[in-house]
Structures are given as structure tokens and as C-alpha cells.
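Read through the structure below, which is laid out as C-alpha cells, and then see the notes.
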Amino acid sequence: MPPVFAHGRLRLYLLKLLDEAPRHGYEVIRLLEERFQGLYAPSAGTVYPRLAKLEAEGLVTHATEGGRKVYSITDAGRAELADRGGELADLELEIRDSVTELAAEIRDDVRGAAGDLRREMRAAASASATQVEDESWKAAKEDLRKARQEWKEQARRAKDESRRAREEAQQARRQAKEAQERAREEVQRIAGQLQEQFAKSGGVLGSLAGAWLGGGTQATSSAGEAAASDAAAGADWAADLVPTGDPARDLDRLLDRFRDEVRDAARDRGVTAAQVVEARGHLKAACGRLGTTFGAGS
């Protein structure tokens, strides 16, 4: 029988279950069994070590309630779940396929058992064709009837689960696509606001940008010193943001980091009218340098 979960997929699905609600280990096992309509249930030796590893990675945490560990997803776990939204949708389809394959194997097993039973019944009938049907014959027929009924019920449940999994996967894909569109629109909106502020040569961000880059409330002595200061400040800034391979997305992440840090500086230090005036010069110079940078790469 092929594995129900491919490598790393059970880990992702555990995060999904904990994102729905905090759960203890036995409840996670029971939920997995329900999702597979009783056709598959992972062992405790499969689930608990993975929960412990997720906790060691900081993706889940636990609290003890009634002598049991109740696991909850962390913000880091939700972030990974969001980043792997498309993979989660594919996983729902894989689960559907796994349920279908398991149901097919059960159906084949039932058919094989039914065939063996029929052959045994024919052999018994030919050996005692003239004898009155006895209790063993009736029991054999009843066993066959029950086997057929059980197979029909399992096939029906597998079909229902397959349909539900397909619908959930389609919904998950739609939601992931909508989330990406909303994120793209938000980035475009913020970029538009920054561009408008640059064009007007005003705004609080400029003064804070100057203070954040080392200017404070004093102007740099020359354009050469400003460029050297910017290069030194930018050498290690945002080094924790690992490149994604998509330059547009990397730029969006840098803009988000800039906005967040400037906003924190405004909240902590406050903003004066003099800083607002000085900010205009900083923003205008930064806009010109960035325009030159992007123009040179085109």
C-alpha cells in the first residue's frame, strides 16, 4: 500500500489541524482517522514525535491540561502555513486520492474474500447437493450478505469523502489566490502612497528616515558623505530577509521593513515640525537616488 502522506506532508497537515483549534495528541490522531473515514489512523509513535519536533522548531507550543499536553500553533507556525497555502491545497487533493486508493484496496479485499466464500459455498453445495440446507449454509450466506453490505457502505463513505476533499481543495485554492491578490493590491497601494509623498516632497517618513540613517536633526556636510553614510548603513540592514528569488517580492519586503521601523521610530521619539521640514529634503534625495538605481537597471 502506498504511503498516505508524502515526505513532510503529515507535518504540514498537523499544523493545519492545530490552526483550527488547540488539540492534544490523541485528539489529533482521532481527527486524522475521521478525515480518512476510518480507513487510516496514524499511530501514537508517528504523531507524538512530529509534534515534539514542531515544538522544538518553534512552530507549536503546548500547555498541560488535566495531565495532557494540549498543543497550539504559534505565529511562526501560522506564517509557515500561510507560505505553503498552495502546497496545502495540493495536500487536500492527495488526501482525497489516498482515501480513494484505500477504498479501492478494501473493495478488492472484500471482492477477493467474497469470491473465496462463493467458491467454498459451491464446493460445499456440490458435495451435499441432496442434503437439506443446514445452519452452516445459512451462516455462509449471511456472511456473504454482510460482506457485500460492508463493502457498499465503505465505498459510499469513500466517495463522499473524496467529493468533500475535492471541494475543500478547490476552496483552499480560491482563498490562496484571493489572498495573493489582496497582498499585491496592498503593496501597490503603499507604493503609490510613498510615490505620492515623494512627489510632494513632504511627510513624516522623510524626517524619520533621515534620523534612522544617522542624520538626526543635522544635515550631512556633503553629498559624498551622505552617499558613504547610506552605503555603510545599508550594508547590513535587513540582512535577515533571505532573498526569495523574486526581485519584486524582495523589494516589497524591504519597503515593509522600512515602513515598520520608521513607524516604530516615530512612536518612540516623536516628530517635530523642524523634522518634517528636514524630512522633505531626505525623501526627495532618496527618491532621486532610487529613481537613478532603477533607471540604471532597466
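Once you sort the root eigenvalues of the Cα gyration tensor of region 245-298 as a ≥ b ≥ c, which label holds: rounded (a/c under 1.5), prolate (a/b larger than b/c) or oblate (the other case)? It is oblate, given that a/c is not under 1.5 and a/b is not larger than b/c.
Check Val70: other-chain or 5+ apart residues with amide H under 5 Å from its amide H, H built from backbone geometry? Long-range HN contacts for Val70: Ala63, Thr64, Glu65. Taking all protein chains together and a 1.4 Å probe, the residues Tyr13, Tyr48, Tyr40, Tyr26 rank Tyr26, Tyr48, Tyr40, Tyr13 from largest to smallest accessible area. Taking θ as phi - 60° and the Karplus parameters 6.51, -1.76 and 1.60, the scalar couplings of region 245-253 work out to x, 10, x, 5, 5, 4, 5, 4, 5 Hz in sequence order, x denoting glycine and proline. Kirkwood hydrodynamic radius computed over region 3-94 comes to 13.4 Å, based on all pairs of distinct alpha carbons.
Excluding same-chain neighbours fewer than eight residues apart, the lysines reachable from Lys69 by a Cα-Cα span under 19 Å are Lys16, Lys53. In this structure Glu57 has an accessible area near 80 Å², from a 1.4 Å probe over the protein heavy atoms.
The values are calculated or read from the model by the stated rules, or taken from the named source; none is laboratory data. Every value quoted in this text rests on a predicted model; they were computed, and no experiment measured them. Note: accessible area is taken over every heavy atom of the protein model, side chains too, but ligands, DNA and RNA are not part of it. Shrake-Rupley method; radii C 1.70, N 1.55, O 1.52, S 1.80 Å.
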